[in-house]
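See below for the structure under consideration.
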Amino acid sequence: QVQLVESGGGLVQAGGSLRLSCAASGSSFSIGTMGWYRQAPGKQRELVATMTRGSRINNADSVKGRFTISRDNVKNTVYLQMNSLKPEDTAVYYCYAELMGRGSWGQGTQVTVSS
């Protein structure tokens with residue numbers, strides 16, 4: 001299991017941008033898929049974007065064209081650049097990482113978009 005530390009959340013006006021980062025530590029093995037999920041109040045956790053170690057990306061339709069996921073395999077860090085933010089993007093954003101078939105979650109970072 002790996003430890004995940006997220007940063008970069010905050011409060012932004014609609015149309016603004018934020019960049020989330022998530023650093024993984026605690027393992028000498030290569031980390032597989034990394035990505036981001038989010039959970040809004042009263043809703044289930046949902047996929048935002050994931051990226052395999054080989055750079056294959058899976059995006060939610062709701063963020064295509066606005067959010068960009070990237071990763072640095074040397075630093076074991078995944079990023080989420082969020083542009084053109086909307087109030088409906090408001091949620092707690094969770095980092096996710098897979099190691100040897102087992103998933104780990106970060107503690108979550110709040111993103112609030114005001115209208």
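The values are calculated or read from the model by the stated rules, or taken from the named source; none is laboratory data. Every value quoted in this text rests on a predicted model; they were computed, and no experiment measured them. We place every Cβ from the backbone using ideal geometry, glycine too, and count neighbours over all the protein chains shown. Quick note on the areas: whole protein, heavy atoms, side chains included, nothing else; ligands and nucleic acids left out. Shrake-Rupley method; radii C 1.70, N 1.55, O 1.52, S 1.80 Å.
Let's see how each residue does on (1) under 12 Å from the mean Cα position of the chain (by Cα); (2) not polar (S, T, N, Q):
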site: 20; (1), (2): yes, yes
site: 27; (1), (2): no, no
site: 42; (1), (2): no, yes
site: 52; (1), (2): no, no
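Within region 100-115, the set of residues being among the hydrophobic types (A, V, I, L, M, F, W, C) and open to solvent by 40 Å² or more (accessible area, probe 1.4 Å) comprises 100, 105. Residues in region 74-115 that are among the hydrophobic types (A, V, I, L, M, F, W, C), out of contact with any Phe, Trp or Tyr (no Cβ under 7 Å at 6 or more places or on another chain) and closer than 22 Å to residue 44 by Cα: 85, 91, 92, 97, 113. Within region 69-115, the set of residues being under 12 Å from the mean Cα position of the chain (by Cα) and without any contact (Cβ under 8 Å) to a residue 40 or more places away in the chain comprises 69, 70, 71. Of the strands (runs of 3 or more DSSP E) lying entirely inside region 1-99, those carrying at least 1 residues that are open to solvent by 60 Å² or more (accessible area, probe 1.4 Å), within 15 Å of residue 109 (Cα to Cα) and of a type in the set (A, V, I, L, M, F, W, C) are 3-7, 10-13.
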